[in-house]
Amino acid sequence: MNEMSILDPVLLIAIPLGLAFLIPLLGLVSKKIVRWIPVVGFLFNGIVALLILPHVLKQPIIVKIGGFVPPFGINLYAGSVGMLLASLIAITGFLVSIYAVKYITKGAEQKYHILFLLLLTGATGVVLTGDIFNLFVFFEILCISSYALVAYLGTRSGLEASIKYLIQGSIGSSFLLIGIGLLYGQFGTLNMADLARQIVDYTEPSVFVSMVFMITGLGIEAAIFPLNAWLPDAHSSAPSSVSAVLSGIAIEVGLYAVIRVLFTIFAVSNFFIFFMVLGVLTVLIGEMSAFAQKNIKRMLAYSSIGQIGLIVFAFSISTQLGVAGGLFQMVSHTLGKALLFLCAGYMIFRTGSMEISSLEGIGKKMPITALCFTIGTFSIVGLPPFTGFASKFMIIRAALANGELLLQILIGLVLVGTIIEGAYFFKIIQTIYFKGAHKTDNREEAPVTALIPMLILVSFIIVIGMFPNIIDKVLQPAASELLDQVKYIGSVLG
Amino acid sequence: MSLELLIMFAFGGAFLTYLAGKISSKLRDIFALLCSVALVVIVSSLYKVETTITLYNGFFGMPLSMRLNPMAWFFAIAIVSSSALVVLYSMSYMKHRERTDYYYFMLLLINAAMLAIVLSGDLVSFFISWEIMSWSTFLLISYNRNAALPAGIKYIVMSLIGSMCMLVGIISIYTAFDTITISEIVQHMATATAGYKLFLLIIFSITFGIKNAVVPLHTWLPDAYAESPSPFSAVLSGMLTRMGIFGFLLIMFVMVGAENSLHMGRGFFSYHNILAWLGAITIVIPTFIAMLQNDAKKLLAWHGIGQGGYMIVGIAFGTSLGLAGGIFHTLNHAIYIILLFLSVGAIEYSTNGLRDLNSLGGLFKKMPIAFLGGLLGICGLIGIPLTNGFVSKWLIYKTLILGKAPFLAFATLLGTWGTILSVYKFLHNLYLGQLPQEHQNIKKTPLAMQIPIVILSLTILVFGILPGLPLKSINAMIVSFGFTPLTVSIWGISSETGTLNMINIFSILLVVVAIFWLIFQAARKSTAVDQYDNYAAGAAIPKDKYNYTVEFYAPFYRMATPYLRDIFDMLYQKIARFTEFACDNIRKIYTGYVSDYIIYIILFLALLISAQLKWSVF
Amino acid sequence: MNILYDYIYYAGAFGLIFIGIFTMMVKRNYIKVIIGLSILETGVNLFLISVGYISNGTAPIFSNPGIEAKNMVDPVPQALVLTAIVIGLAVLSLALSMAIRLYKHFGTLDLQQIKEQRW
């Protein structure tokens, strides 16, 4: 570890956290500099994460905080999954914070940037930690900063969404804490690897109850049906840059936590059917609710529910292929949905309305934004040659490779969801390009700081979509890491 | 010339055309035309070349490949040449329209995608190209705004249903055989069970049936054809829809193999027989629905569906003769339907977008070239001897008669009869009769629009008189499917059961025409009158236009209209409305009350615990 | 009697948790819901403490050489509870500050009436 001190996973958490608290001080020096601090922070994070990534593919890095050897003390587990998601978080954070430089101009700017940094710090912490109470703490950092960011604009809708999110979210946190308490009471440890080693049979009632509490608690943030009622409100009322991160990062991280708890701590191997059905229900309800929306951001939010359902479905196949497909779908959803929210942000900003009908003729006025939006929708629907297709391909392959009839029926239902999704997204595309040319108000193209992140996301979507082998190299070790509990225990406890 | 270059040229040309359009529209037009012509040159230089190349392994390590064989070449040349003609035509047609850069980009992208479909050597690149074709088609169908928007949605939703079926099929093949390369799948197919083959046939038939508009999966087509810009309607009907035929050939005769797909099931309920009957229904009903149309493009669209039925019947019958007929009909249909759409497009262009059959007429003198196109086009459509449609229809009739399928043969003849009735109305109401006053000074048809019409008209005659030209490469394709080759000469086909020799027909006809001409010359008594000089059986002639074809076939309409509704379209509309209703109501579970949401959370917790206690799901 | 004596803390903790959730579920007033949330959190904290509690135990500090670790209460849950209290405080203060803004916007704290965001 000494020879690569810059490549320390702790930095991924420490740097944004430190910068977040530095912002009020730097704000005294210059107001403008504050806007660029998240950009710098996540640029650093992105570089570090991508540099660490090749190392962890071979061997996970276990960081012992304070020098305590696990299971004592807190440790970070920077494995392939953790680093994959950490890089994703850093890159998305970097792009969204560039976008926010010009986008966030009203209100308490400094506080926005602090909260934004904290949100992603929390997310990074969740994916890297190897300790369940630490998981809870980072989870709370993530949740509390997102409650506050949802209400950032101080509008009626923002406040309403924020309090509803807060109420449901804090019930979730309490449940998570109950679950952690129950586990600690039985096994006397908080270390994930140690817990995993001690839990032999998760169906034993006392262990099972703690698992259920943890799943429910984490499931609220992960937006699994029926725990996702907060999501459409919160994602549609937040400022678009926040929606991008909430949809692209926060729910994925929540889902990661669920999966990590299930796979690694409890070693659940046959929770197939229940979660699969839940995933398919989430897909169908999400897509069907999105279909009838008139508000563009609400539609995107419901579509996120559908995508989460697909990811849940993929994970619950729980084969190497299925888990890799689920992770891939996470990546492509993050890229696609972040892109869509960023585009929608400026479209809404220019038209002043979230109604889909107000987007008429925007393809002429904001050609680049509209093009990016179109590519984003194509990717989310899963049309080639964009990432969404590659990940959907992998998931369907995983479902069919299993050979069970039930799975084949369920994948059919998922595809029905995809068709509904296609129908409403294509309607929006028609609205953007082929309706209402008569509107000649002075809408103009988004500023460069917004276009750069959009175009970078588009290029990611196209490149990964055409050459999925790039990411497949990370997905395969990541999937085997999630599935191989014994190796996890071994690498932490030695 | 290698295949990589061809594909790169096709896709790259599309992008570069778009960029060129940003510089100047002239440059773009010329560039687009040059690209299309160059593609024609490249593809024709690849005649009789058989090769396979691997493009790259980047897609999950699957080898994405391109392969050229007789079937691919045949479709490729049809695609690129029709594309070149349409691009040339568009240069004038699209001149003063909005978003022309975008139009050309999409048109060329669609052509590139179609080219990639027919050349793809594995199922994944097949699917990727198929999807690129689908969404770019959607974007171009919606181009005309207003009524085109619902048509576009209808198209893309049906197309997505088809693609999802195909995706499931492809991935199931991949998991079953662990390969996606078509040539390897063929070898593995021998080990597959009959049930699995049937599953593959059905699931791919849904996809290709939607694309080829086989009843009952045809409902997207009339709206999509009618609402697209006319040059694109031509591409859509000529080549794009016929990708379905390509698909049927691929799945039935290449992948599953003729000996399997023609022996699937027993008696009437065998796969290919049901397909043939669906084809027959596709011929009859849409052709008669076409008769009721008053929109020139809708009329052609319904005929497009009907003609697709002939191809399906020919292919599904699965003999050398039938296959040749079906495939040749695909080509012929492409030629005359493109011609017809281009002719209608010329009228649309000259009359500022009119295509209502009841308000047009008498354009014969004003637009002679368009008339020529329309006349030869409908001759081909009906299948009048010496036009190309005759040969392929003859082959199909012959197949059905030889195959002892009198009912199918009757259905195909009935279709032809319906075609005659309806295209007469088409020809008359556009070109003959009186010219309405407001069309006295219509725009001239520009040269760029005349050239493709003339070329296609000539092709109809050439292929009608010399059917051996295309039949030779069709024969090569049939042989590659494992059928016995036909004896093809340049003038026609000879077989033990009957010989088609166009030169004989041609010479007989020539003699007959000469005799008639001589008779008319000898007894020439006709005088030229003004077209307003009308005889109306003694009744007073109205001052304004006297259009005696407005109520053409009125008694027939009264009789047949109740039966000629598109019941499937109505059914799908109902399903769509129901889905919309369901979607609108299911979201009401998000009531807006936080207390409800908390109840959901508690319920979820309770459900997890009770599910474990009761059924131990975990 | 002995069983009850052993589990009295757990009973109390879960009692508080149920009261908290019940309050959040049935009360319409936002402030009351926050009170419910607070009760819920207190219950969870009490639960965590009781996990590590040993009756008649001593503080986990080796102040005198004679003290054995056996009788010490578990220090870890106490550390956890401290953290949880701090987090709870943050949530609570955020919730209350939003109550002020909510009242400004809607003129009411009745959650049944604040339902613009739905469907």
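Overview of results
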{"item": "Condition broken by A:ALA123, with the remaining ones in (1) out of contact with any Lys or Arg (no Cβ under 6 Å at 6 or more places or on another chain); (2) within 14 Å of chain C (Cβ to nearest Cβ); (3) under 23 Å from C:ALA95 (Cβ atoms) satisfied", "result": "(2)"}
{"item": "Unmet requirement for B:LEU262, which otherwise passes all of (1) aliphatic (A, V, I, L, M); (2) free of Cβ contacts under 8 Å to residues at least 60 places away in the same chain; (3) in the same structural domain as B:SER473 (by TED's automatic domain parsing)", "result": "(3)"}
{"item": "Subset tally (residues that are surrounded by 24 or more Cβ atoms within 10 Å (Cβ to Cβ) and not in a helix (DSSP H, G or I)) for segment A:384-410", "result": "2"}
{"item": "Residue match in segment A:267-276 (condition: touching a strand residue (DSSP E or B) at 6+ places or on another chain (Cβ under 7 Å) and either farther than 17 Å from A:ALA338 by Cα or of a type in the set (Phe, Trp, Tyr) (or both))", "result": "no"}
{"item": "Residue match in segment A:190-201 (condition: over 27 Å from A:LEU451 (Cα atoms), within 14 Å of chain C (Cβ to nearest Cβ) and part of a helix (DSSP H, G or I))", "result": "yes"}
{"item": "Whichever residue in segment B:1-45 is assigned to a helix (DSSP H, G or I) and among the polar types (S, T, N, Q) and, among such residues, is farthest from the chain's Cα centre (by Cα)", "result": "B:SER25"}
{"item": "A:THR129, sole failed condition from (1) closer than 24 Å to A:LYS487 by Cα; (2) within 12 Å of chain C (Cβ to nearest Cβ); (3) of a type outside the set (A, V, I, L, M, F, W, C)", "result": "(2)"}
{"item": "Qualifying position, being within 12 Å of chain B (Cβ to nearest Cβ), assigned to a helix (DSSP H, G or I) and in contact (Cβ under 8 Å) with a residue 60 or more places away in the chain, among A:LEU231, A:LEU246", "result": "A:LEU231"}
{"item": "Residue within segment C:98-113 that is aromatic (Phe, Trp, Tyr), assigned to a helix (DSSP H, G or I) and within 14 Å of chain B (Cβ to nearest Cβ) present", "result": "yes"}
{"item": "Enumeration of residues in segment B:21-58 that are among the small types (Gly, Ala, Ser) and either over 27 Å from B:TYR102 (Cβ atoms) or modelled with pLDDT under 90 (or both)", "result": "B:GLY21, B:SER24, B:SER25, B:SER44, B:SER45, B:GLY58"}
{"item": "Selection status of C:ILE54, in a helix (DSSP H, G or I) and at negative phi", "result": "no"}
{"item": "Any pair with Cβ under 6 angstrom, 6 or more apart, that starts in segment A:148-162 at a residue that is at the interface with another protein chain (Cβ under 9 Å from one of its Cβ atoms) and ends at one that is basic (Lys, Arg)", "result": "A:LEU159/C:ARG101"}
{"item": "So A:VAL253, is it in a helix (DSSP H, G or I), without any contact (Cβ under 8 Å) to a residue 60 or more places away in the chain, within 23 Å of A:THR121 (Cβ to Cβ) and under 13 Å from the mean Cα position of the chain (by Cα)", "result": "no"}
{"item": "The listed residue being at the interface with another protein chain (Cβ under 8 Å from one of its Cβ atoms) and either assigned to a helix (DSSP H, G or I) or within 22 Å of A:GLY179 (Cα to Cα) (or both), out of C:THR23, C:THR42, C:THR83", "result": "C:THR83"}
{"item": "Some residue of segment B:583-594 being β-branched (Val, Ile, Thr) and more than 10 Å from every other protein chain (Cβ to nearest Cβ)", "result": "no"}
{"item": "Exclusive hit being farther than 16 Å from B:PHE341 by Cα and assigned to a helix (DSSP H, G or I), set B:THR416, B:THR459", "result": "B:THR416"}
{"item": "Residue in segment B:231-246 that is assigned to a loop (DSSP other than H, G, I, E, B), closer than 22 Å to B:PHE328 by Cα and under 16 Å from the mean Cα position of the chain (by Cα) present", "result": "yes"}
{"item": "Answer from A:LEU493, A:LEU482 - the residue that is in contact with an Asp or Glu (Cβ under 7 Å, 6 or more places away or on another chain) and over 30 Å from A:ARG35 (Cα atoms)", "result": "A:LEU493"}
{"item": "Extreme residue, surrounded by the fewest Cβ atoms within 10 Å (Cβ to Cβ), among residues of segment B:295-319 that are touching a strand residue (DSSP E or B) at 6+ places or on another chain (Cβ under 9 Å) and not acidic (Asp, Glu)", "result": "B:ALA296"}
{"item": "Of residues in segment A:361-383 being closer than 19 Å to A:VAL312 by Cβ and of a type in the set (Val, Ile, Thr), the one surrounded by the most Cβ atoms within 10 Å (Cβ to Cβ)", "result": "A:ILE380"}
{"item": "Unique match (being touching a Gly at 6+ places or on another chain (Cβ under 9 Å), of a type outside the set (Lys, Arg) and within 14 Å of another protein chain (Cβ to nearest Cβ)) among A:SER241, A:SER269, A:SER237", "result": "A:SER237"}
{"item": "Contacts under 9 angstrom Cβ, first residue in segment B:414-442 being more than 29 Å from B:LYS393 (Cβ to Cβ), partner part of a helix (DSSP H, G or I) and at pLDDT 85 or above, 6 or more apart", "result": "B:HIS439/B:SER350; B:ILE442/B:ILE347; B:ILE442/B:SER350"}
{"item": "B:PHE253 being more than 26 Å from B:TRP417 (Cβ to Cβ) and either without any contact (Cβ under 8 Å) to a residue 24 or more places away in the chain or part of a helix (DSSP H, G or I) (or both)", "result": "yes"}
{"item": "Scan of segment B:46-61 for residues that are touching a strand residue (DSSP E or B) at 6+ places or on another chain (Cβ under 7 Å), assigned to a strand (DSSP E or B) and either farther than 22 Å from B:TYR174 by Cα or within 12 Å of chain A (Cβ to nearest Cβ) (or both), ordered by number", "result": "B:THR51, B:LEU55, B:TYR56, B:ASN57"}
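Here's the yes/no breakdown for (1) among the acidic types (Asp, Glu); (2) in contact with a strand residue (DSSP E or B) (Cβ under 7 Å, 6 or more places away or on another chain); (3) at the interface with chain B (Cβ under 9 Å from one of its Cβ atoms):
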| residue | (1), (2), (3) |
| --- | --- |
| A:ILE396 | no, no, yes |
| A:PHE434 | no, no, yes |
| A:ALA446 | no, no, no |
| A:LEU451 | no, no, no |
| A:LEU455 | no, no, no |
| A:PHE460 | no, no, no |
| A:PRO468 | no, yes, yes |
| A:ASP472 | yes, no, yes |
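The values are calculated or read from the model by the stated rules, or taken from the named source; none is laboratory data. Since this is a predicted model, take the numbers as computed values, not measurements. Neighbour counts are summed over all protein chains in view; Cβ atoms, including those assigned to glycine, are modelled from backbone coordinates with ideal geometry.
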